[in-house]
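Report on the structure given below.
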Amino acid sequence: MRRHWAIVGAGMAGLAAARRIVAAGHDVTVLDKSRGIGGRMATRRAGDLQFDHGAQFFTARGAPFSEVVAALVTNGQAAPWGDQGYVGTPGMSSVAKGLAAGLTMVGNQEVTALRRGPQGWTLATGEGSAAVDGTVQVGIDC
Ligand SMILES: Cc1cc2nc3c(=O)[nH]c(=O)nc-3n(C[C@H](O)[C@H](O)[C@H](O)COP(=O)(O)OP(=O)(O)OC[C@H]3O[C@@H](n4cnc5c(N)ncnc54)[C@H](O)[C@@H]3O)c2cc1C
């Protein structure tokens, strides 16, 4: 049965999980409290300055992630770094953007509570969020 899942956090873990869920034939919405995606793989800007504030490089050891990284390299979103590693190009955010392609992303949404109701789960988001009514209604299977 097709279900609608919510993922809290658009870092590497959340994006990888979302891709698996979509590949399994379900719908998914990824929420992040930040405006951008990538979490600790994000590229930040300060005026003219651009910098990766977390991971400097990453490796791909397993075949499934190696295939993902090969696609990122083909798309110009990652490049080999040193002997065994890779780096996002032009910054680490490109890796997250590549992983997020085709996913439904909602930024500026800090999830503050999970509430179970008769129709499924409601994810409550903080004040100042971009959601129309302050909540995002999703039914998740758990
Ligand atoms: C300085 C530094 C250097 C590093 N160097 C390397 C390296 O060289 N190689 C390497 O492989 N790894 C490195 N790492 C580790 C790597 O960056 C992390 O392990 C990885 O990015 C973590 O991914 P994650 O998805 O688990 O978490 P995160 O990237 O932290 O993502 C979590 C996301 O959840 C969001 N979030 C949290 N709470 C909420 C909420 N309530 N509602 C909505 N959204 C929420 C956050 O905004 C964030 O985007 C480094 C990390 C740091 C900090």
task: Sort out which residues of segment 34-47 are modelled with pLDDT under 95, open to solvent by 50 Å² or more (accessible area, probe 1.4 Å) and within 15 Å of the ligand (Cβ to nearest atom), and write them in order of number.
output: Arg35, Arg44
field: Looking only at segment 5-19, and only at residues there that are of a type in the set (Gly, Ala, Ser) and open to solvent by less than 70 Å² (accessible area, probe 1.4 Å), the one that is nearest to Leu123 (Cα to Cα)
entry: Ala6
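Residue-by-condition table, conditions (1) charged (D, E, K, R); (2) more than 15 Å from the chain's Cα centre (by Cα); (3) more than 30 Å from Leu123 (Cβ to Cβ); (4) more than 14 Å from the ligand (Cβ to nearest atom):
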{"site": "Arg3", "(1), (2), (3), (4)": "yes, yes, no, yes"}
{"site": "Ile21", "(1), (2), (3), (4)": "no, no, no, yes"}
{"site": "Asp32", "(1), (2), (3), (4)": "yes, no, no, no"}
{"site": "Arg61", "(1), (2), (3), (4)": "yes, yes, yes, no"}
{"site": "Gln84", "(1), (2), (3), (4)": "no, yes, yes, no"}
{"site": "Met92", "(1), (2), (3), (4)": "no, no, no, no"}
{"site": "Lys97", "(1), (2), (3), (4)": "yes, no, no, no"}
message: Checking the structure you have, find out if any residue of segment 109-131 is small (Gly, Ala, Ser), touching a residue at least 40 places away in the same chain (Cβ under 8 Å), farther than 28 Å from Met1 by Cα and surrounded by fewer than 15 Cβ atoms within 10 Å (Cβ to Cβ).
response: yes
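Inspect all residues belonging to segment 58-71 and state whether any of them is surrounded by 15 or more Cβ atoms within 10 Å (Cβ to Cβ) and closer than 20 Å to Gly107 by Cβ.
No, segment 58-71 contains no residue that is surrounded by 15 or more Cβ atoms within 10 Å (Cβ to Cβ) and closer than 20 Å to Gly107 by Cβ.
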task: Check off (1) surrounded by 13 or more Cβ atoms within 10 Å (Cβ to Cβ); (2) touching a residue at least 60 places away in the same chain (Cβ under 8 Å) for Ala79 and give me the number that stays unchecked.
output: (2)
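The values are calculated or read from the model by the stated rules, or taken from the named source; none is laboratory data. Keep in mind it's a predicted model, so treat the numbers as computed, not measured. Note that we place each Cβ from the backbone using ideal geometry, even for glycine, and neighbour counts take in every protein chain shown. Only protein heavy atoms, including side chains, enter the accessible area calculation; ligands, DNA and RNA are left aside. Shrake-Rupley method; radii C 1.70, N 1.55, O 1.52, S 1.80 Å.
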